[in-house]
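One structure below.
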Amino acid sequence: MAALGWLTPRRRSATARSVLAGEASAEAARKSSQEAEDVPTEEPEFPVLGDEQAAAFFDLDNTVMQGAALFHFGRGLYKRKFFETRDLAKFAWQQAWFRLAGVEDPEHMQDARDSALSIVKGHRVSELMSIGEEIYDEYMAERIWPGTRALAQAHLDAGQKVWLVTAAPVEIAQVIARRLGLTGALGTVAESVDGVYTGKLVGEPLHGPAKAEAVRALASAEGLDLTRCAAYSDSHNDIPMLSLVGHPYAINPDAKLRKHARKLDWRLRDYRTGRKAAKVGIPAAAGVGAVAGGTAAAIALHRRRR
């Protein structure tokens, strides 16, 4: 921490929280991945050979999946009576905003995290993991972008590890990664004591600089060469993470990331609409679901304003 001495106390504290969040997320991700590897599996008929020092890191919300995982998780918890109707309305409004704006609004995301932490406080981690499996099937499976899923599979087919990197709780991220057949996930780590959530975070949400710290910590632990790795995201908030790797990709980018990616000649992919997809040679059908979802969100927004 001595290297941070030139920073003001406030900035030094924020940086320290990012490092703590990143390291905690990397530790949780490696532990989950090692546990999965301990499960006996059949050897493939033709083992896949690849670059052992390369891996791929995928943002989750609006990159791998339409919308925000945390909001879908909230819907599932409401269905199971974890909280009241007024809280569901708040989750719905935040999700509508996210879908319409296409970017992560810090205030909305912070509200969502605070709500989620208060809801899970006192519940067992194992309980939320089990429920997460059900919620994935109910609300998330049909929202996976086929194009991004194909990109992740290409890395897997080349013998590389593929990790989700998200501000969503690490338990949710691990469920999604497992269901997609990915290596593991880096996510926000909620504090638990004896397997029970305390309602607090370890460090801070895995967002912005904290994501970059998590990827850096995981790469160091896994012996990866970041210049040979790839990263994918839709948000300008993830520029720190994208800038770490030798092969950054802007997926469904917001305006700021699109501008930054074009300036640096990063590769772009857009799966949201037929018009935008055509510009980068992506099948237009990939965006149909997003258009329908966006229309529904717009109707919800209109009704709220009346």
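All of the numbers you see were taken from the coordinates with simple rules; none came from a lab. Here the structure is a predicted model, which is why all the values come from computation and not from measurement. Virtual Cβ from ideal backbone geometry, glycine too; neighbours counted across all protein chains shown.
Here are the numbers for the structure shown:
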| item | result |
| --- | --- |
| Neighbour-count ranking [beta-carbon atoms within 10 angstrom, fewest first] of Asp61, Asp51 | Asp51, Asp61 |
| Packing rank of 261-268, 249-256, 66-73, where each peptide gets the mean count of other beta carbons within 10 Å, highest leading | 66-73, 249-256, 261-268 |
| Tail beyond 18 Å, pair distance distribution of region 217-274 (Cα, percent) | 32 percent |
| Residues Met140, Met129, sorted so that the one with the fewest Cβ neighbours within 10 Å comes first | Met129, Met140 |
| Fully extended contour minus Cα-Cα distance, from Ala154 to Lys79, at 0.36 nm per residue | 23.4 nm |
| Computed lengthening from Glu134 to Arg179, 0.36 nm per intervening residue step minus Cα-Cα distance | 15.1 nm |
| Nonlocal amide H pairs with Arg267, under 5 Å, H built at 1.01 Å | Ala250 |
| Out-of-range pairs (alpha-carbon distance over 24 Å; input Lys161/Lys263; Lys161/Lys200; Lys79/Lys121; Lys161/Lys211; Lys211/Lys259; Lys211/Lys263) | Lys161/Lys263; Lys161/Lys200 |
